[in-house]
Amino acid sequence: EPEVTQTPSHQVTQMGQEVILRCVPISNHLYFYWYRQILGQKVEFLVSFYNNEISEKSEIFDDQFSVERPDGSNFTLKIRSTKLEDSAMYFCAIGTDSTDTQYFGPGTRLTVL
Amino acid sequence: GESVGLHLPTLSVQEGDNSIINCAYSNSASDYFIWYKQESGKGPQFIIDIRSNMDKRQGQRVTVLLNKTVKHLSLQIAATQPGDSAVYFCAEKIGNTGFQKLVFGTGTRLLVSP
C-alpha cells in the first residue's frame, strides 16, 4: 500500500488566519485528493488535482481554499481565512491513475478557535 | 456552536464471530466500490474493492458482496478479532471518466468483545 504522510498532525489556529496543510506521497503518484471529516461525521470530498491543476472540486471548496504542488512533491491545501466551521480532520489521498484505489494519509486535525 | 455528529449504527460481536456490515449506495452509475476501515484518530485504511462487473470478491478474512439490483454492498469479516474494532465506511466512485471522487457512506461502528 502506498505511503502518504501529512504535516502537521495537529494545527491550532485563530479564526481569520491562513493555514497550509501538507501532503507528502512517498512513491510516485499522479492523482491527488483532499477530503475532510468533521468530528463524528462522514468523509467528504473537497478537491482532486492532476497535472498541476484542479480536475474537480466540491461546493465546500470555495474561494478560501486553494491547492498546489509547488515543488513536484509536496501537495498543499491552503485555507486563506479560516472559519470556526473549518475545524475538521483533513485527509490527503493519492492514486496512481484516475480509476485506481485512493490511499489516504493519517490526516491533519485542524482546530479553529 | 458545537456540531452534532451522526449517530453511527453499531454492530457488536464476540471475538471469533463472523461480522456482516451493510451499505446502501445511491448512484446506479457507480462502477467501483471500496471498503475502508477507520480507527480512532487515523485516516481511512483500504480493505477491499470491487468493480461493478463482479458480484463477489474475497480477500484475507474479508469478502465483499455487491448487489447492483438493489444497490447494496456488504462486507463480511470472518473470525472477527478485537483489532477489527473500528468504523467501516463504504465508498463509491462517482464519475465515468477522468478523476473520480469518492462518496462515502455514513459508516458503521464495529465493536468486538474478547
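Here are the numbers for this structure:
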read-out: Residue list for region A:42-59, filter: assigned to a loop (DSSP other than H, G, I, E, B) and either open to solvent by less than 30 Å² (accessible area, probe 1.4 Å) or under 15 Å from residue B:93 (Cβ atoms) (or both); value: A:43, A:58
read-out: Filter pass, residue B:84 being among the acidic types (Asp, Glu), more than 13 Å from residue A:43 (Cα to Cα), more than 11 Å from the chain's Cα centre (by Cα) and open to solvent by less than 20 Å² (accessible area, probe 1.4 Å); value: yes
read-out: Filter pass, residue A:102 being in contact (Cβ under 8 Å) with a residue 24 or more places away in the chain and closer than 16 Å to residue B:94 by Cα; value: yes
read-out: Test: residue in region B:93-114 that is open to solvent by less than 80 Å² (accessible area, probe 1.4 Å), more than 9 Å from every other protein chain (Cβ to nearest Cβ) and assigned to a loop (DSSP other than H, G, I, E, B); value: no
read-out: Among the candidates B:21, B:47, residue that is part of a strand (DSSP E or B) and open to solvent by 20 Å² or more (accessible area, probe 1.4 Å); value: B:47
read-out: Pairs, first on the phi < 0 side of the Ramachandran plot in region A:73-86, second of a type in the set (S, T, N, Q), C-beta under 6 Å, six or more apart; value: A:78/A:66; A:79/A:64; A:80/A:64; A:81/A:64; A:82/A:13; A:82/A:17
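The values are calculated or read from the model by the stated rules, or taken from the named source; none is laboratory data. Source: prediction; values computed, not measured. All Cβ positions, even for glycine, are placed from backbone atoms using ideal geometry, and neighbour counts span all protein chains on display. Surface accessibility is based on the protein's heavy atoms, side chains included, excluding ligands, DNA and RNA. Shrake-Rupley method; radii C 1.70, N 1.55, O 1.52, S 1.80 Å.
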